[in-house]
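A short reminder: the numbers here are calculations on the coordinates, not readings from a lab. Everything numeric here is computed off the predicted structure, so don't read it as measured data. Note: ideal-geometry Cβ built from the backbone for every residue, glycine included; neighbour counts use all protein chains shown.
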Amino acid sequence: KNLIWLGAIFFVFVIAFYVRQTITSTTPLRHNIEIAFFIYLILSFIAICVCIQKTRKLHILFLVFAIILSIGYFIVIPLGMVPDEFAHYLRSFEIAQGDFLTPVLGEGTAGNYFPDHILGYNQTNVTYQEAFSHWGEQLDYGNMVSYTAYSGAALYSPLCYIASSLGIFISHLFTDNAMVIFYAARIFNCIMGISLIYFAIKIIPYAKFAVFTIGLMPMFLHQSISASA
């Protein structure tokens with residue numbers, strides 16, 4: 001069983017190495033990201049091996065795996081790069097402002113008004129250098145801009161956005177930095193998603209490994225580190 005675990009971990013790291021090459025080849029920050037990612041992989045491998053050796057409880061293993069892999073996803077996926085993430089973020093933001101139902105701005109058009117620079121940068125095909133060159137961008141409440149490009153997300157229940165809206169609300173108490181607030185939405189969403197799977201594995205009386213496997217699928221992790229519903 002230990003050999004199977006180690007083989008699976010090695011397979012995941014091979015994929016991560018390939019992803020690292022893909023990401024760093026398109027950014028001028030290649031050398032720094034490369035070093036950071038190698039350090040991350042080494043520490044991750046050590047942490048997972050120690051955890052497997054110390055415990056056979058699947059919920060504990062899931063927690064370690066999910067946290068480590070989620071950090072990797074945070075590193076390689078800039079804000080707004082998860083499909084439809086910006087639309088979900090706008091929905092989360094309006095809920096954090098107290099608008100639980102998206103207003104109708106015109107006939108057949110749902111949308112709302114948001115402070116300018118809400119994302120901090122253009123969310124289309126952005127590189128890390130472009131993204132973090134706008135790190136100091138502040139929400140401009142003196143210039144409210146209407147957005148209607150999230151009509152699909154507008155139909156989602158506010159319950160789907162409890163975590164991300166809470167992250168936006170709390171972070172907004174301390175800062176108007178657009179990217180910090182967006183990352184707060186992501187982090188709270190990730191904590192909520194991992195926590196739900198953790199307690200599901202711990203409480204469910206059978207099929208624990210099935211839940212464990214689903215919770216570590218790339219699609220779940222990819223969505224959980226975003227502002228997605």
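All of (1) in contact (Cβ under 8 Å) with a residue 60 or more places away in the chain; (2) surrounded by fewer than 12 Cβ atoms within 10 Å (Cβ to Cβ) hold for residue 217 with one exception: (1). For segment 163-207, a residue qualifies if it is more than 16 Å from residue 87 (Cβ to Cβ), crowded, with 22+ Cβ neighbours inside 10 Å and of a type outside the set (A, V, I, L, M, F, W, C), and exactly one does: 167.
Output the helices (runs of 4 or more DSSP H) that fall wholly within segment 151-229 and possess 3 or more residues being within 26 Å of residue 60 (Cα to Cα), or say none.
On the way: elements: 151-154, 162-172, 178-203, 208-215, 218-224.
By residue number, 162-172, 178-203, 208-215, 218-224.
Within segment 133-162, the set of residues being farther than 13 Å from residue 91 by Cβ, buried (at least 16 other Cβ atoms within 10 Å of the Cβ) and among the hydrophobic types (A, V, I, L, M, F, W, C) comprises 139 only.
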